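Student: I have a structure I would like to understand better, so I am pasting it below and will then ask my questions one at a time.
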Amino acid sequence: MNKTLLNSVSVGERISVIDALRGFALLGIVLVHVVEQYLGAAPPESKQMFSIHHPVDIGVEVFLGIFFRGKFFTIFSLLFGLSFFIQMDRGSKKGVDFKGRFIWRLVILFVIGYVHGLFYRGDILTVYAILGIFLVLFYALNDKMLLIAAFILVAGIPRVLVFVGQNYWGLPPAELGHKQENQKNAEYFEIISSGSLVEVFEVNAVSGFNSKMGFQFGMMGRGYQTFVLFLIGLLLGRMRFFEHFTTYNKLMKRVLIYALIVMLVSIVGLVITFIGMEAGKQPDFNTWRFVIGFTLIDWLNLAMTATIITGFLLLYQKGFWHRMLSSLAPYGQTALTNYFMQSIIGTFFLYGFGLGFLGYFGSSVMFLLGLVLFFGQLWVSRYWLKHFKYGPLEWLWRSATYLKWQALR
C-alpha cells in the first residue's frame, strides 16, 4: 500500500481512515447492544439468565466481555474529541472561532440524543453533549496541561472524590440500594417486555435519563473515562496523527507493548483486589475495594482500546486488510444515522410495543442477528452515499448547526 497516498489529505477533505475506524467502532457497539437485547439496565434477579439458553450463549457472553464490552464505545469517544479538534482547526484556518458554533452543535446533539434515549436508555449522545461543553473549555490548555488533566482522570481521582463525598462528607449516593435497584430493574423489564411505546417513552424520559446520568458520573461511572478519551482525541488531532499515521508505525508498536503491560498489570491487580470475595453474595459496591477495582477496569479498557486502535491502523496499511477495513468508511461516515437507527430497529424487534422478542433468543443467535443488522446498514450506507453527501441525521445536524439547509445531493 502506498503510504504517500494514505497520508495525502487536503484541507477540508474527509480523512478516510477516521471514517473506517468509526465504522469499526460502531460495529462493536451494535454487536454489544444487540446481544444485550437493548436492555439498557441490569436485568432483575429473576431474569439474570434471560439471554442464556445453552452453553454457546455463555461462550458468546465471555467473548464479548473480554473483547467488546467497554472497548468500542471508547474508540467512539476518542474520535469525538478528534472531530472536535478538526472542526475547531478548520474553522481557525478560515479565520472563524468555532467555539460558539460547536456549543450550539452540542445543544442539537443533546436533543437528538434525548429523542434516541426515549427508545433506548443506553444512549451515549446526551453524555457526549454534556461533556463536550468541558471540551470547549479545555481547548485553550497546552498539551502538558491536557496530559495532567488526563492523568488525574485516569488515576480515578473523580471516583475517589465521589466515594469520599458519599461516605465522609454526607453527599447523597448516585446509586440506589440493592433491593431498590432490583425492584426498579424488574419494573423496567416488565415495561419494555409488554408495555406500549408511550409507556417506554415515559419511563425513559426522566427515570431512564436520571439512571444513565447516575451511572455515568457515580462511583461506577464511565463519564471520567469518556472525557479522558476526548482529551486524547484532541491531543492526537494536534499531532496530526491520523493525517500522517503511517509515519508513526514505530510509536504504535511501542504503544502496543505498553498497552499489553498495562492490561497484564490491570488483570493481576483485579485478581488481588477481588480475591476472597464470596461467590454468589451480593457485593457492596460502596467500598474502597470497588473504587480501586473500577479504576483498574478503566485501565484495562483503555489499554484494550489502545491495542485495538493501533492494531487497526497497522493492518490498515496492508493490501488485503486495507481493502477490508476501508470498506467500513461509509458506515462510519453515516455513524450518527446508523447508531440511531440501530436502536429503533433493535427496540422494535425486542420490545413489547413491537415484535416482542426480548429474551426469546439466546446471546449466540442475537450475535448473528447483530451481524445481519450491521451488514444491512453497511449496504444501505454505501448505496446512500452514492447519491447523497451526508447521512440523513448528519445532514439534519449540519443544517441545524448553520441554521441553513445544506446541500444534500
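The values are calculated or read from the model by the stated rules, or taken from the named source; none is laboratory data. Since this is a predicted model, take the numbers as computed values, not measurements. Neighbour counts are summed over all protein chains in view; Cβ atoms, including those assigned to glycine, are modelled from backbone coordinates with ideal geometry. These area figures cover heavy atoms from the full protein model, side chains too; ligands, DNA and RNA do not enter into them. Shrake-Rupley method; radii C 1.70, N 1.55, O 1.52, S 1.80 Å.
Student: Here is a check on your reading of the model: is Ala306 hydrophobic (A, V, I, L, M, F, W, C), open to solvent by 20 Å² or more (accessible area, probe 1.4 Å), farther than 18 Å from Val32 by Cα and out of contact with any strand residue (DSSP E or B) (no Cβ under 7 Å at 6 or more places or on another chain)?
Tutor: In short, yes.
Student: Let me ask something else about it. Check Ala400 against each of (1) part of a loop (DSSP other than H, G, I, E, B); (2) within 24 Å of Arg105 (Cα to Cα) and name the one condition it does not meet.
Tutor: It is condition (1) that Ala400 fails.
Student: Do we find a residue being modelled with pLDDT of 85 or more, of a type outside the set (Ser, Thr, Tyr), open to solvent by 10 Å² or more (accessible area, probe 1.4 Å) and outside any helix (DSSP H, G or I) anywhere in the stretch 26-37?
Tutor: yes
Student: Would you say Phe294 is farther than 30 Å from Gln377 by Cα, surrounded by 18 or more Cβ atoms within 10 Å (Cβ to Cβ) and hydrophobic (A, V, I, L, M, F, W, C)?
Tutor: yes
Student: Right, another one. Just to be sure I understand, how many residues within the stretch 80-128 are over 24 Å from Met213 (Cα atoms) and modelled with pLDDT of 95 or more?
Tutor: Residues meeting the conditions: 0.
Student: Can you find, within the stretch 180-230, the residue that is surrounded by the fewest Cβ atoms within 10 Å (Cβ to Cβ) among those that are among the polar types (S, T, N, Q) and within 30 Å of Asp143 (Cα to Cα)?
Tutor: That would be Gln216.
Student: A further question follows. Which condition does Thr246 not pass, out of (1) buried (at least 21 other Cβ atoms within 10 Å of the Cβ); (2) touching a Lys or Arg at 6+ places or on another chain (Cβ under 9 Å), if it passes all the others?
Tutor: (1)
Student: Suppose the filter is under 15 Å from Gln37 (Cβ atoms) and of a type outside the set (Asp, Glu); does Leu403 pass it?
Tutor: Criteria not met by Leu403.
Student: Still on this model: Looking at (1) more than 30 Å from Asp57 (Cβ to Cβ); (2) in contact with a His (Cβ under 9 Å, 6 or more places away or on another chain), find the lone condition where Val365 falls short.
Tutor: (1)
Student: Condition check: at pLDDT 85 or above, among the hydroxyl-bearing types (Ser, Thr, Tyr) and open to solvent by less than 80 Å² (accessible area, probe 1.4 Å). Does Ser16 satisfy that?
Tutor: Spelling it out, Ser16 is indeed at pLDDT 85 or above, among the hydroxyl-bearing types (Ser, Thr, Tyr) and open to solvent by less than 80 Å² (accessible area, probe 1.4 Å).
Student: Report the residue count in the stretch 47-58 for those that are in contact (Cβ under 8 Å) with a residue 40 or more places away in the chain and either over 27 Å from Tyr188 (Cα atoms) or part of a loop (DSSP other than H, G, I, E, B) (or both).
Tutor: Count: 6.
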